[in-house]
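Enquirer: Submitted below is the structure of interest, expressed as structure tokens.
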Amino acid sequence: MTDTRGNGPLAGLRVLDIATIIAGPMAATMMADFGAEVVKLELPGVGDGLRGFPPLKEGKSLWWKVTNRGKYFGTLDLRREEGKELFLRLVAQNDVLVENFRPGTLDRWGLDIDTLWKANPKLVILRLSGFGQDGPYREMSGLARIFEAMGGLTAISGDADSPPMHTGYPIGDPIGGLFGAFAVMAALWRVAQGDQQGEEIDLSLTEALLRIIEVLAIEYDQLGAVRERAGNRNAYSAPSDVYLTSDKRYVTVAGSTARTFANNARAIGRPDLIDDPRFCDNSARVANVEELDRVFGGWIASHTQEEAVAAFRATGGTLAPIYSIDQIFADPQFIARGAIAQVEDEDFGNVRMQGLVPRFRRNPGRIRWAAKRIAADNDYVYKDLLGLDDSEIEQLVAKGII
């Protein structure tokens, strides 16, 4: 195996990941990308449910390989007394714990907050759940579609005359993962400033979705307005929609300022629109969106995607092609920046996946490897980290503890 040391601003940070599926593991993976040593513990013989998620190649989940990249993989049944003792020894060595069990689960296993902090007073504990650690919904299941629906995102997605629409990806999970990674960094800052006590972070994934749709709450509070679905139209700028090109591809147009509208109007050969009183400012353009859609949609429909992109780029307009993943792989901007990275994988040699975001100039991170098989690093976890010998490990395996 290649050099396993972490690169990046988080090198030296140690994270224990006992979360499953996407949101919690992604938070830990974000830290691994930037240098943290992340040990992921799974239930022996069972593993994280994400291991079975399609798409599959030769029976192995490709989703798994991305969401849990760069980690060490061990197994442990921390519901049992010997497992709990091993777990607390690992807690003592780590800076961060990431978990997403239903609220109260770890308490029932004898791993309450006081026990965890007794093992490591400076431990930062990230708890992710569908609705948070308290409240009447605290024990409800929390899957992405649940908190996308109840967080307000789904209600505003889709066409006005059609049912609400989820995205084609469980976007609520990675959004929660990003909130989680940020929250851990905020807590670690306090510890770095000399705080002798760790932190318990209560992250409701439903509230994370609510947070990202910023204007909806204040709009309702101050105007009594309930935002409705508007398809691909933008409620605060025009023209702003998705348009079909002559070669049956799609483009999207954006822009709310006078300058962007002027550049867009020049791109379609209609500079006369700039001084038209119907389109003199953003509010006027939104009020006359039907006419703008007719004009811009008609021009775009008579041009190929490539022609439309070239025309708008020539004037500084704000139009973009709607890319499928094969187009992303071929685009020169993504290629120039290494947005798709080649990563070492134990099953397929090398695989390509998204690179690191964002980029650091002085201290960049690195993807060490794609996610591995279950228990791949048990020797590292129990021999190197905890100092167990072969006979002790064999006994733990025989008992089903690891």
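Enquirer: Among ASP241, ASP247, which is the only one that is in contact (Cβ under 8 Å) with a residue 40 or more places away in the chain, in contact with a Ser or Thr (Cβ under 8 Å, 6 or more places away or on another chain) and over 27 Å from CYS280 (Cα atoms)?
Expert: Working: ASP241 fails: over 27 Å from CYS280 (Cα atoms).
Testing whether each residue is in contact (Cβ under 8 Å) with a residue 40 or more places away in the chain, in contact with a Ser or Thr (Cβ under 8 Å, 6 or more places away or on another chain) and over 27 Å from CYS280 (Cα atoms) leaves just ASP247.
Enquirer: Listed residues GLY142, GLY177; which is more than 28 Å from ASN288 (Cα to Cα), at pLDDT 95 or above and either of a type in the set (Val, Ile, Thr) or crowded, with 18+ Cβ neighbours inside 10 Å (or both)? Please lay out each step first, then the result.
Expert: Details: GLY142 fails: at pLDDT 95 or above.
None of the other options fit; the residue is GLY177.
Enquirer: OK, next. Can you report the number of residues in the stretch 40-89 which are hydrophobic (A, V, I, L, M, F, W, C), closer than 15 Å to PHE348 by Cβ and surrounded by 15 or more Cβ atoms within 10 Å (Cβ to Cβ)? Can you show your working first?
Expert: Narrowing the stretch 40-89 to residues hydrophobic (A, V, I, L, M, F, W, C): 41, 43, 46, 50, 53, 56, 62-64, 66, 73, 76, 78, 86-88.
The next check asks that each one be closer than 15 Å to PHE348 by Cβ; those that pass are 56, 62-64, 66.
Okay, now just the ones that are also surrounded by 15 or more Cβ atoms within 10 Å (Cβ to Cβ), so 62-64, 66.
Number satisfying all stated conditions: 4.
Enquirer: Let me ask another. Would you kindly identify the helices (runs of 4 or more DSSP H) lying entirely within the stretch 317-402 that contain at least 3 residues that are open to solvent by 50 Å² or more (accessible area, probe 1.4 Å) and within 29 Å of LEU56 (Cα to Cα)?
Expert: The helices (runs of 4 or more DSSP H) meeting that bar are 325-330, 332-337.
Enquirer: Among the residues of the stretch 243-258, which ones are surrounded by fewer than 19 Cβ atoms within 10 Å (Cβ to Cβ), modelled with pLDDT of 95 or more and over 10 Å from LEU319 (Cα atoms)? Break it down stepwise before answering.
Expert: Residues of the stretch 243-258 that are surrounded by fewer than 19 Cβ atoms within 10 Å (Cβ to Cβ), as a first pass: 244, 246-250, 252, 254, 256-258.
Filter again for modelled with pLDDT of 95 or more, leaving 244, 246-250, 252.
Answer for the stretch 243-258, where residues must be surrounded by fewer than 19 Cβ atoms within 10 Å (Cβ to Cβ), modelled with pLDDT of 95 or more and over 10 Å from LEU319 (Cα atoms): LEU244, SER246, ASP247, LYS248, ARG249, TYR250.
Enquirer: Is at least one residue of the stretch 116-130 assigned to a helix (DSSP H, G or I) and polar (S, T, N, Q)? Give the derivation first.
Expert: Narrowing the stretch 116-130 to residues assigned to a helix (DSSP H, G or I): 116-119.
Next cut, polar (S, T, N, Q) only: none.
No: zero hits.
Enquirer: A further question follows. If a residue must be open to solvent by less than 50 Å² (accessible area, probe 1.4 Å), small (Gly, Ala, Ser) and part of a helix (DSSP H, G or I), how many such residues does the stretch 198-242 contain?
Expert: Final tally of qualifying residues: 1.
Enquirer: Further question on the same structure: Out of all the residues in the stretch 320-330, is one or more among the aromatic types (Phe, Trp, Tyr), modelled with pLDDT of 95 or more, closer than 30 Å to TRP64 by Cα and touching a strand residue (DSSP E or B) at 6+ places or on another chain (Cβ under 9 Å)?
Expert: yes
Enquirer: Right, next: Quick one: which residue in GLY74, GLY83 is closer than 16 Å to ILE393 by Cα and under 25 Å from the mean Cα position of the chain (by Cα)?
Expert: Values: GLY83 fails: under 25 Å from the mean Cα position of the chain (by Cα).
Within the list GLY74, GLY83, the selection yields GLY74.
Enquirer: Same structure, new question: Show the residue pairs that are 6+ apart or on different chains and have beta-carbon atoms under 6 Å apart, the first residue being within the stretch 32-53 and part of a helix (DSSP H, G or I), the second being among the β-branched types (Val, Ile, Thr) and open to solvent by 40 Å² or more (accessible area, probe 1.4 Å).
Expert: GLY49/THR20; GLY49/ILE21; LEU50/ILE21
Enquirer: When the residues of the stretch 9-28 are filtered to those that are open to solvent by 10 Å² or more (accessible area, probe 1.4 Å) and of a type outside the set (A, V, I, L, M, F, W, C), which remaining residue is nearest to the chain's Cα centre (by Cα)?
Expert: Of everything passing the filter in the stretch 9-28, THR20 is nearest to the chain's Cα centre (by Cα).
Enquirer: Anything in the stretch 115-148 that is without any contact (Cβ under 8 Å) to a residue 12 or more places away in the chain and at positive phi? List them, or say none.
Expert: GLY135
The values are calculated or read from the model by the stated rules, or taken from the named source; none is laboratory data. Quick caveat, the model's predicted, so the values are computed rather than measured. Here the Cβ is made from the backbone with ideal geometry for all residues, glycine too, and neighbour counts use every protein chain on show. Heavy atoms of the whole protein, side chains included, go into the accessibility calculation; ligands, DNA and RNA do not. Shrake-Rupley method; radii C 1.70, N 1.55, O 1.52, S 1.80 Å.
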